[in-house]
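Undergrad: Here's a structure for you.
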Amino acid sequence: MANRERQIRIYDLHSWTGVALGIIMFFVCFTGSLALFHHEFEPWEDELRRGEITSSPVPIHDKVGEIVERHSGEFEPNFVNVSLPHGEHGHYDVFVGGPDADGEFQNVEARISATTGEELAFREEGANRLLYDLHRDLAWPDALGGRQVGRILVGLVGIAFLLLILTGIVSHTKITKELFTLRYLKSVRLKWQDSHKVMGLWTSPFAAMIALTGAFLGVIALLLPLLAFVTMKGDQEALIAELGLEQPARAEISAPMIPMDQIGPRVHPETGNPVNFIRYTNWGDQNAQAVLNYKAEQRLLYSDAITVSAVTGEIVPGQEILLNNGPFAYILATFSPLHYGTYGGIVLKLIYFVLGMGLAVMSALGSMMWIERRRHGGEGNKSDRFYAILSAINTGVCAGLPAAAVAVLAFDKVYWGAEAARYTSMVWFLFGAWLLAAIFGFMRGNDYKANRELLAVTGFGLVALAPLNWIVTGDVMWSNFSTGAAGSAWFDLAFILLGSSAVFIAAKLPAERPVDKRRQKKAEAALDSDAELQPAE
Amino acid sequence: MSPVVMGILGTLFLGICYGTWRNPRLWSALFWSFVATFMITAAIVMAFPADFAQKVFALTIVMPLVWVGFQFWLYWNPGRWTVTLYLLGISLISGLIVAFSPSPV
């Protein structure tokens, strides 16, 4: 009896947590699946990123010095980041930042041609960055506390996700049987229930890893200030210093920088991968350091890094604190690559994408099941209208998000406004499109039709992205697979395949709630027996 | 802290206390489990004899699991108030350890 009651309590915790956070879970899982390809997507989004990588890029050091000099009156340019031509980056990207007179962090960005050394037109971040930010920190507005608040909220979703996995597994008493049970030809409820269980159980190790690493990446933003409050009387910088994570202080003695085209090992001594990113701290100072980053694609690290003095060029040992500070620090260093699947090449990212989308579908299925059980399974104590409204909201919001994501990618392609307003315009457009799709789903009056129509719109939109790319940039997909625009061409192909699949699935989805044959038979039998019991007239 | 902020926080705290009185499991899962997790983490950081950075790194990994563990325990245990009282006890004892421990650095 006690076990039965416990089972019910755990199941209730699972279902109520799921239904309360189902939509936000769907949102985080869906945007997370897209965020996996944040870097790979850049050439599709920005045609200036396409092109052959020159084997002998022009030196960049003087140009960077010129940019720093140009802005040194506006702020103290402490940080200089330079992305070297590699992979999908056919040019240099330069970031210069530092505090202004009021202590506020200011920065400028520039793009330099690797063949001529001239400054190229700079394109601000757009839809790609927005979809990435939505997963990482919900692109939380500054007026409501800024990105840290968004990060914490996503971290809390990770905590709830961990709880859902734990309670989901515990509430399944016949796991081995349920792993292999899919009753697709029975009732709607059984179909959704079995899909939810099978997807949940098979993906649970992946889901647990994503939830734990995601919870850590988000909740750390809450934990660090609180720990600093308790242990360092609120001094967060003191805590960071104690953990060995602080940047070296400026010596306030000017010193010439070693040219960045020559500094440090150009290829990693162990992996042989070339340096693709250099990050300077204390630029122009005696204590300046340069961290050279090398791709670590096949290792469980975000990147390999070597720190050198930017004045003498000597390697500074032990600077990568998370790699040189014991097993726990190393485990923490693996969390980010584990979460974003950066350690196994594009094949691993594709596997992550499928599993991530599976988690998103599972979240939506969980909410659908909850409503279905109450609306048609006799478990609800509210009116049919109440559950119909809930179902319509769930359908509109969940099916509307992919349609809005496709729409914002198209909008970014044809965006004609000021560059400075690009990102903000994407935010408004995405949420506007999502709201419209959700209203359509809500007003449609038939969730099955709304779902298949929104999926069809998403599919047609995806297919249309490839010709849109061709019209706007002039890069035709089939002639670009062997050129510097191959990254963009592969995305065109992926959009056509994914879009066609979505249209095909939409065509196969039912337009009405399928009739529960078993229940119908029972009802007919009951009617027959009632008729037999009626006295003959 | 301004009186307005103190007033808002005080009202929020009273609301949480009232919510806990009405539904101890739910409000402990929402709030007290986090307080207990954080306080026990802080107490270990302050009082456990080990390298400060190593303790913080290890506890940062474990903390989400402890938090979820407390939430799960609330619904696993048959007693309506049992785990809530344990969580309050853990928070209190950890708070005392934090208050009376010397600074770790």
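The values are calculated or read from the model by the stated rules, or taken from the named source; none is laboratory data. For clarity, every value in this text was computed on a predicted model and none was experimentally measured. Neighbour counts are summed over all protein chains in view; Cβ atoms, including those assigned to glycine, are modelled from backbone coordinates with ideal geometry.
Undergrad: Could we say that A:Tyr294 is surrounded by 15 or more Cβ atoms within 10 Å (Cβ to Cβ), aromatic (Phe, Trp, Tyr) and free of Cβ contacts under 8 Å to residues at least 40 places away in the same chain here?
TA: Numbers: surrounded by 15 or more Cβ atoms within 10 Å (Cβ to Cβ): yes; aromatic (Phe, Trp, Tyr): yes; free of Cβ contacts under 8 Å to residues at least 40 places away in the same chain: yes.
Yes, satisfied.
Undergrad: Quick one: in segment A:75-90, which of the residues that are in contact with a Pro (Cβ under 8 Å, 6 or more places away or on another chain) and not in a strand (DSSP E or B) is nearest to A:Pro259 (Cα to Cα)? Step through it out loud before you land on a result.
TA: Here is the first cut: in segment A:75-90, the residues in contact with a Pro (Cβ under 8 Å, 6 or more places away or on another chain) are A:75-76, A:78, A:84-86, A:88.
Subset that is not in a strand (DSSP E or B): A:75-76, A:78, A:84-85, A:88.
Details: A:Phe75: 23, A:Glu76: 20, A:Asn78: 17, A:Leu84: 14, A:Pro85: 16, A:Glu88: 24 Å.
Per the criteria, the residue is A:Leu84.
Undergrad: Something else: Looking at A:Asn282, A:Asn273, which one is surrounded by 20 or more Cβ atoms within 10 Å (Cβ to Cβ) and closer than 30 Å to A:Pro59 by Cβ?
TA: Numbers: A:Asn273 fails: surrounded by 20 or more Cβ atoms within 10 Å (Cβ to Cβ).
Testing whether each residue is surrounded by 20 or more Cβ atoms within 10 Å (Cβ to Cβ) and closer than 30 Å to A:Pro59 by Cβ leaves just A:Asn282.
Undergrad: Out of segment A:269-289, which residues are under 22 Å from A:Ile53 (Cβ atoms) and over 29 Å from the mean Cα position of the chain (by Cα)?
TA: Filtering segment A:269-289 for residues under 22 Å from A:Ile53 (Cβ atoms) gives A:271-279.
Across segment A:269-289, the qualifying residue is only A:Gly272.
Undergrad: Step by step: first the residues of segment A:323-335, then only those that are farther than 13 Å from A:Arg299 by Cβ and out of contact with any helix residue (DSSP H, G or I) (no Cβ under 7 Å at 6 or more places or on another chain), then the one that is surrounded by the most Cβ atoms within 10 Å (Cβ to Cβ). Which residue is that? Outline the logic, then answer.
TA: Step one: list which residues in segment A:323-335 are farther than 13 Å from A:Arg299 by Cβ, which gives A:324-329, A:331-332, A:335.
From the residues that got through so far, the ones that are out of contact with any helix residue (DSSP H, G or I) (no Cβ under 7 Å at 6 or more places or on another chain) too are A:324, A:327.
Numbers: A:Asn324: 13, A:Pro327: 10.
For segment A:323-335, the residue satisfying everything is A:Asn324.
Residue-by-condition table, conditions (1) out of contact with any Lys or Arg (no Cβ under 6 Å at 6 or more places or on another chain); (2) aromatic (Phe, Trp, Tyr); (3) under 26 Å from A:Ile505 (Cα atoms):
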position	(1), (2), (3)
A:Ala421	yes, no, no
A:Met426	yes, no, no
A:Phe431	yes, yes, yes
A:Leu435	yes, no, yes
A:Ala438	yes, no, yes
A:Thr458	yes, no, yes
A:Val463	yes, no, yes
A:Ala466	yes, no, yes
A:Asn469	yes, no, yes
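Undergrad: Now for a different question. List pairs: first in segment A:234-258 and within 11 Å of chain B (Cβ to nearest Cβ) and within 20 Å of A:Pro99 (Cα to Cα), second exposed (fewer than 13 other Cβ atoms within 10 Å of the Cβ) and polar (S, T, N, Q), Cβ under 9 Å, 6+ apart or cross-chain?
TA: Between residues of segment A:234-258 that are within 11 Å of chain B (Cβ to nearest Cβ) and within 20 Å of A:Pro99 (Cα to Cα) and residues that are exposed (fewer than 13 other Cβ atoms within 10 Å of the Cβ) and polar (S, T, N, Q), there is no close pair.
Undergrad: A further question follows. In segment A:1-20, what residues are of a type in the set (A, V, I, L, M), within 29 Å of the chain's Cα centre (by Cα) and either away from every other protein chain (no Cβ under 12 Å) or over 17 Å from A:Met369 (Cα atoms) (or both)?
TA: Going through segment A:1-20, the residues of a type in the set (A, V, I, L, M) turn out to be A:1-2, A:8, A:10, A:13, A:19-20.
In the following step, the residues that additionally are within 29 Å of the chain's Cα centre (by Cα) were identified as A:13, A:19-20.
The answer is A:Val19, and nothing else.
Undergrad: Go through (1) in contact (Cβ under 8 Å) with a residue 60 or more places away in the chain; (2) within 16 Å of A:Asn276 (Cβ to Cβ) for A:Pro85 and report which single condition fails.
TA: (1)
Undergrad: Next up: With segment A:91-196 as the region, which helices (runs of 4 or more DSSP H) entirely inside it contain at least 1 residues that are over 26 Å from B:Val68 (Cβ atoms) and not aliphatic (A, V, I, L, M)?
TA: Working: elements: A:127-137, A:147-170, A:175-178.
Once the helices (runs of 4 or more DSSP H) in segment A:91-196 are filtered for at least 1 residues that are over 26 Å from B:Val68 (Cβ atoms) and not aliphatic (A, V, I, L, M), what remains is A:127-137, A:175-178.
Undergrad: Which residues, counting only those in segment A:327-356, are part of a helix (DSSP H, G or I), more than 15 Å from the chain's Cα centre (by Cα), more than 14 Å from chain B (Cβ to nearest Cβ) and not hydrophobic (A, V, I, L, M, F, W, C)?
TA: Residue satisfying the conditions is A:Gly345 alone.
Undergrad: A follow-up question, please. What tally of residues in segment A:206-237 results from selecting those that are of a type in the set (Phe, Trp, Tyr) and over 20 Å from A:Ala139 (Cα atoms)? Before the answer, list the steps.
TA: Looking only at segment A:206-237, we keep the residues that are of a type in the set (Phe, Trp, Tyr), and these are A:206, A:216, A:229.
The next check asks that each one be over 20 Å from A:Ala139 (Cα atoms); those that pass are A:206, A:229.
Qualifying residue count for the region: 2.
Undergrad: Please go through segment B:66-87 and give me each residue that is at the interface with chain A (Cβ under 7 Å from one of its Cβ atoms) and without any contact (Cβ under 8 Å) to a residue 40 or more places away in the chain, ordered by number.
TA: First, pick out the residues of segment B:66-87 that are at the interface with chain A (Cβ under 7 Å from one of its Cβ atoms): B:67-68, B:71-72, B:75-76, B:78.
Passing the criteria: B:Trp67, B:Val68, B:Phe72, B:Trp76, B:Pro78.
Undergrad: If you don't mind, another one. Please pick out the residue among B:Ala47, B:Ala99, B:Ala58 that is surrounded by 17 or more Cβ atoms within 10 Å (Cβ to Cβ) and either modelled with pLDDT under 95 or under 18 Å from A:Pro225 (Cα atoms) (or both). So that I can check it myself, show each step before the final result.
TA: Numbers: B:Ala47 fails: surrounded by 17 or more Cβ atoms within 10 Å (Cβ to Cβ); B:Ala99 fails: surrounded by 17 or more Cβ atoms within 10 Å (Cβ to Cβ).
Testing whether each residue is surrounded by 17 or more Cβ atoms within 10 Å (Cβ to Cβ) and either modelled with pLDDT under 95 or under 18 Å from A:Pro225 (Cα atoms) (or both) leaves just B:Ala58.
Undergrad: Going by what's in this entry, would B:Met46 be described as touching a Pro at 6+ places or on another chain (Cβ under 6 Å) and facing chain A (nearest Cβ under 8 Å)?
TA: Details: touching a Pro at 6+ places or on another chain (Cβ under 6 Å): yes; facing chain A (nearest Cβ under 8 Å): yes.
Against the criterion (touching a Pro at 6+ places or on another chain (Cβ under 6 Å) and facing chain A (nearest Cβ under 8 Å)), B:Met46 qualifies.
Undergrad: With the structure loaded, tell me whether A:Ser500 is of a type in the set (Ser, Thr, Tyr), part of a helix (DSSP H, G or I), modelled with pLDDT of 90 or more and farther than 16 Å from A:Leu409 by Cα or whether it fails that test.
TA: Numbers: of a type in the set (Ser, Thr, Tyr): yes; part of a helix (DSSP H, G or I): yes; modelled with pLDDT of 90 or more: yes; farther than 16 Å from A:Leu409 by Cα: yes.
Spelling it out, A:Ser500 is indeed of a type in the set (Ser, Thr, Tyr), part of a helix (DSSP H, G or I), modelled with pLDDT of 90 or more and farther than 16 Å from A:Leu409 by Cα.
Undergrad: Against the conditions (1) modelled with pLDDT of 90 or more; (2) farther than 30 Å from A:Ser363 by Cα, where does A:Gly126 fall short? Just the number, please.
TA: Tallying (1) modelled with pLDDT of 90 or more; (2) farther than 30 Å from A:Ser363 by Cα, A:Gly126 fails exactly one: (2).
Undergrad: Just to be sure I understand, how many residues within segment A:454-490 are at pLDDT below 85 and part of a helix (DSSP H, G or I)?
TA: 5
Undergrad: Something else about it: Pairs only if they're at least six apart or on different chains, beta carbon under 6 angstrom, first in segment B:23-49 and over 12 Å from B:Leu74 (Cβ atoms), second among the small types (Gly, Ala, Ser) and assigned to a helix (DSSP H, G or I); list them, first residue then second.
TA: If the second residue must be among the small types (Gly, Ala, Ser) and assigned to a helix (DSSP H, G or I), the pairs left are B:Val35/B:Ser91; B:Met39/B:Ser91; B:Met39/B:Ser94; B:Met39/B:Gly95; B:Ile40/B:Ser94; B:Ala43/B:Ser94.
Undergrad: Something else: From the list B:Ser28, B:Ser33, exactly one residue is crowded, with 16+ Cβ neighbours inside 10 Å, away from every other protein chain (no Cβ under 11 Å), under 17 Å from A:Leu166 (Cβ atoms) and touching a helix residue (DSSP H, G or I) at 6+ places or on another chain (Cβ under 6 Å). Which is it?
TA: Values: B:Ser33 fails: away from every other protein chain (no Cβ under 11 Å).
Matching residue, one of B:Ser28, B:Ser33: B:Ser28.
Undergrad: Moving to a separate point now. Being under 30 Å from B:Phe31 (Cβ atoms) and either within 14 Å of chain B (Cβ to nearest Cβ) or among the aliphatic types (A, V, I, L, M) (or both): is that true of A:Ala160 here? Before you say what the answer is, go through the steps one by one.
TA: Details: under 30 Å from B:Phe31 (Cβ atoms): yes; either within 14 Å of chain B (Cβ to nearest Cβ) or among the aliphatic types (A, V, I, L, M) (or both): yes.
Criteria met by A:Ala160.
Undergrad: Can you tell me how many residues within segment A:288-301 are modelled with pLDDT of 90 or more and either in a loop (DSSP other than H, G, I, E, B) or on the phi > 0 side of the Ramachandran plot (or both)?
TA: Counting residues in segment A:288-301 that are modelled with pLDDT of 90 or more and either in a loop (DSSP other than H, G, I, E, B) or on the phi > 0 side of the Ramachandran plot (or both) gives 1.
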